[in-house]
Amino acid sequence: MTAWLDRITYRVKLLLPGAYWVLAWGNALGTRLLYGRRIRLTRLEAKVEGFVGGDPAVVRPLGPADLETLHDMIAAIPEDHLRFFHPHGLDRNALHRVLQSRTILTFGMFVRQRLVGYALLKLFANRTAYAGRLIHPEYAGAGLGRYLIHYLYHIGFRLGFRIRATISRENMACLRSHAAVRPLRILASLPNNFQLVEYNQLPSDADLPVLAIASAECH
Ligand SMILES: CC(C)(COP(=O)(O)OP(=O)(O)OC[C@H]1O[C@@H](n2cnc3c(N)ncnc32)[C@H](O)[C@@H]1OP(=O)(O)O)[C@@H](O)C(=O)NCCC(=O)NCCS
């Protein structure tokens, strides 16, 4: 419904970063005013504990205190793995801003207290959330990314937001991990071979997904 607005915003972000910054500031203000309480409550109930490959694991919201942990995880990941992951800057200052933001919800997946997965939802005042995920390459291909999709569906459902993403047609890992969960709806083609997609939410997304991943062999 609002795909045209998202397409325009995406182009503004690419072509006019200064104007995008003003838009983003206005959006953050509007989102906080309209949905601030709901966002706070959702964060409070977003922690899930379980197992990954027999090891204790937890997925929980991240905050400013997680800056060094998140920075160290990302800094240790080879550039090639980050090729399609540009939801925000990845240097320490940018991560600090993101972790402080009240309109970007960030989550970490910890296995044996080590951060191995990062997920985020960027919230927009038109009740749209943009999703992103990053799994440490040592844990990739073991179903962790798929779990985080379920988890983000749940968070979006609780917030009452629709969830969208911009995905490169070349990002096979991302497309296949989505396809393994449920089909994506393609809303539009974007510059640079990206596409705007929307996730269909189901009534089952009302429940926090159980965190029980059988095998997570380090590659
Ligand atoms: C995209 C990403 C989050 C997927 O997470 P993941 O934990 O590796 O994926 P999963 O183990 O859940 O994979 C689920 C499916 O995707 C497939 N898959 C995973 N990595 C793949 C790859 N590199 N190439 C092709 N298929 C791949 C798996 O085989 C599996 O398919 P199946 O269920 O049919 O067997 C992860 O690869 C990643 O962090 N990539 C770098 C960051 C990025 O590009 N993020 C995308 C923006 S959303």
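Here, each number is a calculation from the coordinates, and none is a lab measurement. Since we're looking at a predicted model, the values are computed, not measured. Cβ atoms come from the backbone with ideal geometry, glycine included; neighbour counts cover every protein chain shown.
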Post the alpha-carbon centroid distance, the range 8-52 to the range 159-217, in whole angstrom.
18 Å
Sequence order, the range 43-58: Karplus ³J(HN,Hα) from phi using 6.51 cos²θ - 1.76 cosθ + 1.60, θ = phi - 60°, Hz rounded, Gly and Pro as x, gives 4, 4, 10, 9, 7, 9, 10, x, 9, 10, x, x, 9, x, 9, 9
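Evaluate E = 1/(1 + (r/R0)^6) for Asn200 and Arg176, where r is the Cβ-Cβ distance and R0 equals 25 Å; express this FRET efficiency to the nearest 0.05. Don't skip to the answer; put the middle values down first.
Working: r = 18 Å, r/R0 = 0.71.
The pair Asn200/Arg176 has a calculated efficiency of 0.90.
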Can you tell me the orientation of helix 3-15 relative to the chain, as the angle in degrees between its alpha-carbon axis and the longest Cα principal axis, to the nearest 10?
90 degrees
Treat each spin label as a single point 7 Å out from the Cα along the C-beta direction, and report the Leu67 to Phe51 distance in nm.
3.7 nm
With x for Gly and Pro, the residue-by-residue ³J(HN,Hα) of the range 168-181, computed from phi through the Karplus equation 6.51 cos²θ - 1.76 cosθ + 1.60 at θ = phi - 60° and given in whole Hz, is 6, 5, 8, 8, 4, 4, 5, 5, 6, 5, 5, 4, 6, 9
Can you work out ³J(HN,Hα) from phi for every residue in the range 131-137, in order, using Karplus 6.51 cos²θ - 1.76 cosθ + 1.60 and θ = phi - 60°, giving whole Hz and x for Gly and Pro?
9, x, 9, 9, 10, 4, x
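Where does each of 55-65, 151-161 land if you order them by average Cβ count within 10 Å, highest first?
Numbers: 55-65: 15.8, 151-161: 20.8.
Descending packing order for the listed peptides: 151-161, 55-65.
How long is the gain from His96 to Lys13 if the chain were fully straight, where each residue apart is worth 0.36 nm and the alpha carbon distance is subtracted? List each step's numbers first, then the result.
Working: separation 83, 0.36 × 83 = 29.88 nm, distance 2.07 nm.
Gain in length upon complete extension: 27.8 nm.
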Among Gly145, Gly26, Gly18, whose mean-square fluctuation peaks in a Gaussian network model of the chain (Cα, cutoff 10 Å)?
Gly18
With springs only between Cα atoms under 10 Å apart, run a GNM on the chain and tell me which of Arg185, Arg146, Arg164 wobbles the most.
Arg185
The base-10 log of I(q)/I(0) that the Debye equation returns for the range 116-219 at q = 0.13, 0.14, 0.19 Å⁻¹, one scatterer per C-alpha, is -0.46, -0.54, -0.99
Could you list log10 I(q)/I(0) for the range 46-199 at q = 0.15, 0.17 Å⁻¹, which the Debye formula gives when each Cα is one point scatterer?
-0.78, -1.04
